[in-house]
1. With Glu129, Glu62, Glu84, Glu123 as the choices, which residue is surrounded by 12 or more Cβ atoms within 10 Å (Cβ to Cβ) and under 13 Å from Trp152 (Cβ atoms)?
2. Quick check on this structure: which one of Ala22, Ala35, Ala48, Ala27 is on the phi > 0 side of the Ramachandran plot and among the aliphatic types (A, V, I, L, M)?
3. Scan (1) in contact with a strand residue (DSSP E or B) (Cβ under 9 Å, 6 or more places away or on another chain); (2) closer than 19 Å to Phe7 by Cβ for the single condition Gln68 breaks and write down its number.
4. Exactly one of these conditions fails for Tyr134: (1) surrounded by 17 or more Cβ atoms within 10 Å (Cβ to Cβ); (2) under 17 Å from Ser82 (Cβ atoms). Give me its number.
5. Return the residues of region 107-120 that are over 12 Å from Ala159 (Cβ atoms) and surrounded by fewer than 15 Cβ atoms within 10 Å (Cβ to Cβ); say none if nothing qualifies.
6. List every residue pair whose Cβ atoms sit under 8 Å apart, with the two residues 6 or more apart in sequence or on different chains, where the first one lies in region 157-180 and is modelled with pLDDT of 90 or more and the second, anywhere, is among the aliphatic types (A, V, I, L, M) and surrounded by fewer than 16 Cβ atoms within 10 Å (Cβ to Cβ).
7. Is there a residue in region 69-81 that is closer than 15 Å to Lys174 by Cα and either of a type in the set (Asp, Glu) or crowded, with 18+ Cβ neighbours inside 10 Å (or both)?
8. I'd like the residue in region 109-159 that is small (Gly, Ala, Ser) and farther than 19 Å from Phe76 by Cβ and, out of all such residues, is nearest to the chain's Cα centre (by Cα).
Amino acid sequence: MEQYIAFLRGINVSGKNQISMAELKAAFEQSGFEAVKTFLNSGNVLFAAQQTEEEMLRQTIEEMIKEQFDLKIPVFVIAKQSLETILKHAPDWWGTEDKGIYDNLILIMKPATFSDLEQQLGEPKAGLEQIHHYRNAVFWSFSRKDYQKTNWWSKTATAPIRDHLTIRTAGTLKKICSYK
């Protein structure tokens, strides 16, 4: 069995796409996944499955969510080991203890690519935000007090590519990776 993480995009946000984590956990278990754990109320699910293609897992989970909850939710699935590798390639400025900085990881869902993201969001605003691309992820940091002045903040929610992105904070990802 290999450990995986499913990041569900856009659930339990502003009263939309409501899914109870207990019900989500039960649905994963009913679908044959093992060692299922949810983290926070924002659609982070750790689970074990026979080693398989992440794309097949994604499709299975999206279909399960459609059947169980009548919601069409984009899902990003990654092997826990792959996420740990991505985090090991974080730049020095990302994920520090600086409470004035907001550190996120943008995970890009196929078929979208970093080039698509860059084209739609443009350049990060110098002095306010910085990015570092690694594989299908982008480390993105910005000042908490100046987030509305950044170039990417509003665009990650409004650009067409938004449906192919899921974003998690450095703290959330580090805690997920520390789960056994």
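1. Going through Glu129, Glu62, Glu84, Glu123 in turn, just one is surrounded by 12 or more Cβ atoms within 10 Å (Cβ to Cβ) and under 13 Å from Trp152 (Cβ atoms): Glu129.
2. Details: Ala22 fails: on the phi > 0 side of the Ramachandran plot; Ala48 fails: on the phi > 0 side of the Ramachandran plot; Ala27 fails: on the phi > 0 side of the Ramachandran plot.
Of Ala22, Ala35, Ala48, Ala27, the one residue that is on the phi > 0 side of the Ramachandran plot and among the aliphatic types (A, V, I, L, M) is Ala35.
3. The failed condition is (1).
4. (1)
5. Answer for region 107-120, where residues must be over 12 Å from Ala159 (Cβ atoms) and surrounded by fewer than 15 Cβ atoms within 10 Å (Cβ to Cβ): Lys110, Pro111, Thr113, Ser115.
6. Close Cβ pairs (under 8 Å, with a partner that is among the aliphatic types (A, V, I, L, M) and surrounded by fewer than 16 Cβ atoms within 10 Å (Cβ to Cβ)) amount to Thr172/Leu40.
7. Yes: one or more hits.
8. Among those residues, the one meeting the criterion is Ser141.
The values are calculated or read from the model by the stated rules, or taken from the named source; none is laboratory data. Only a predicted model underlies this, so the values are computations on that prediction, with no experimental measurement involved. Reconstructed Cβ throughout: ideal geometry from the backbone, glycine too, with neighbour counts over all protein chains shown.
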